[in-house]
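See below for the structure under consideration.
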Amino acid sequence: MMVVKRDSSKWIRENQFIVGEFRWQNGYGAFSYNQSQIDGVVKYIKNQEAHHVTRSFLEEYKQILDDLGIEYKERYILE
């Protein structure tokens, strides 16, 4: 995960995708999907901006964890 964070941070900075400094949070979440779900995942990624108008990333993330039955401690979410 350290390599993924390092390399993606470098790529974000080099391509100037954000104004200011980019930093990852301390933790991370990773989910895997079946090959048959790729079209849905791509559609989800392309429409993130639109659906985050009505629901924050935090709300959505917690819903994903709940839907998958993943236990978590509220105090550690997006610390």
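Every residue in the stretch 37-70 that is acidic (Asp, Glu) and modelled with pLDDT of 90 or more, please.
Across the stretch 37-70, the qualifying residues are Asp39, Glu59, Asp66, Asp67.
Quick check on this structure: which one of Ile12, Ile64 is touching a residue at least 24 places away in the same chain (Cβ under 8 Å), assigned to a helix (DSSP H, G or I), aliphatic (A, V, I, L, M) and surrounded by 10 or more Cβ atoms within 10 Å (Cβ to Cβ)?
On inspection, the qualifying residue turns out to be Ile64.
What's the total number of residues in the stretch 11-30 that are small (Gly, Ala, Ser) and modelled with pLDDT of 80 or more?
Residues meeting the conditions: 1.
Collect the residues in the stretch 54-77 that are over 15 Å from Tyr28 (Cα atoms) and among the aliphatic types (A, V, I, L, M), keeping them in residue-number order.
Result: Leu68, single match.
The values are calculated or read from the model by the stated rules, or taken from the named source; none is laboratory data. Owing to the predicted nature of the structure, the values given are computational and were not obtained by experimental measurement. All Cβ positions, glycine included, derive from the backbone under ideal geometry; neighbour counts span all protein chains shown.
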